[in-house]
Amino acid sequence: MKKLAYLSAIVPDSNENATDALARHQASTESLSPDESGMIWLPDVKTYQNVMGQDLPIEEVNLLFATQTPINVAAFSGRIGQAAWKTKPSYYLLTEQDNALPFNVQRSFATMIQAKTKLIATSHFSLVVQPNAQFKESVGTPRWHP
C-alpha cells in the first residue's frame, strides 16, 4: 500500500482505538450504544436517514436501512499498532453535511494526519450520493483486493 484514502473516517493514532480517537477529537459517541448482543444499529428509517443519508431519496434510504450491517462494539475498542498515516501519503474526503461524523471532527482528523483534502457537500453516504467525487488524480483508481 503506497497511499491512504479516508472517506469521512475515524483516524486513530498509534496505539489508540476508535473510541479514544473520537474522544480526543471531541466527537460524541452517544449514537454508538450497542444492543444486548454488542451490535450497533440505527433503530429506524427516520434516524438512519438523518444520521447517514439525509440527501438521499427515501426509497434508497429504505433499501439501505433494510440491508444495514451492524457494527460490533468491539470494532471501536481494538487498538491499532503503528498508524499507517505516519509513513504514507494520506488523502481525506471531507463530507460537509455529514451527521454520522461531523465535519469539524473530520477536518480535525485530516489536519492531524496532514492529509490532502477534498471537500464535498454531502452526507456520510458520499459514495452513494456523489460516486464520482474521488481522489483519482492523486490516489489513482481504487483496486479492491479479496
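The values are calculated or read from the model by the stated rules, or taken from the named source; none is laboratory data. Just so it is clear, the model here is predicted, and its values are computed rather than measured. Cβ placement follows ideal geometry from the backbone for every residue including glycine, while neighbour counts extend to all protein chains displayed. Side chains are part of the model used for accessible areas, which takes the heavy atoms of the whole protein and leaves out ligands, DNA and RNA. Shrake-Rupley method; radii C 1.70, N 1.55, O 1.52, S 1.80 Å.
The table that follows gives values for the structure above.
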{"item": "Complete set of residues in region 32-49 that are open to solvent by less than 70 Å² (accessible area, probe 1.4 Å), over 26 Å from residue 14 (Cβ atoms) and either in a helix (DSSP H, G or I) or of a type in the set (Ser, Thr, Tyr) (or both)", "result": "45, 47, 48, 49"}
{"item": "Qualifying helices (runs of 4 or more DSSP H) (wholly inside region 69-146; at least 1 residues being at pLDDT below 90, open to solvent by less than 60 Å² (accessible area, probe 1.4 Å) and touching a strand residue (DSSP E or B) at 6+ places or on another chain (Cβ under 8 Å))", "result": "126-129, 136-139"}
{"item": "Counted residues, region 50-68 - those being in a loop (DSSP other than H, G, I, E, B) and either exposed (fewer than 14 other Cβ atoms within 10 Å of the Cβ) or charged (D, E, K, R) (or both)", "result": "4"}
